[in-house]
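Structure first, commentary second.
What follows draws every value from the coordinates through simple rules; no lab data is involved. Just so it is clear, the structure is predicted and the values come from calculations on it, not from any experiment. Neighbour counts run over all protein chains shown; Cβ positions are idealised from the backbone, glycine included.
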Amino acid sequence: MNTLPEIRERMVQLLGHADKLSFINARLVLRTGISLTLDAHCSPEEVTRVKGALQDMGYVLDAPAR
C-alpha cells in the first residue's frame, strides 16, 4: 500500500464498513495532519507516517480482513 486511497480501501476492509472510518480518520488527522478521506497525493514519507500512526492505534494493514 503506497497511496492514501489504497490505505483507505484496506481500512474499510478491516473495519467492515466505510462509515466506521470517520472516527479513525479524525484520530489520524490529529496525529499526522493527513486525512484518508482526501484524494491528495502524499509523499512516501507522509504515507509512512500514516501507516505508522494506524499501526500505533492497533490497525495492522497486512492483517486478514474480518
Put in order of increasing Cβ neighbours within 10 Å, starting from the fewest, Ser43, Ser35 give Ser43, Ser35
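Grab the DSSP H runs of the chain that are 4 residues or longer, score each as -39,500 (n - 2.57), total them, divide by all residues and round the 222 nm result to the nearest 500 deg cm²/dmol.
Numbers: 3 runs with 37 residues, N = 66.
Taking each H run of at least 4 residues, the total per residue is -17500 deg cm²/dmol.
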Spelling out what I want: for every residue of region 15-25, take phi, set θ = phi - 60°, compute 6.51 cos²θ - 1.76 cosθ + 1.60 (Karplus), and round to whole Hz; glycine and proline get x. 7, x, 6, 5, 5, 6, 6, 4, 5, 5, 5
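Semi-axes, largest first, in whole Å: what does sqrt of 5 times each Cα gyration tensor eigenvalue give for the chain?
Details: eigenvalues 54, 31, 27 Å².
Working through the eigenvalues yields semi-axes of 16, 12, 12 Å.
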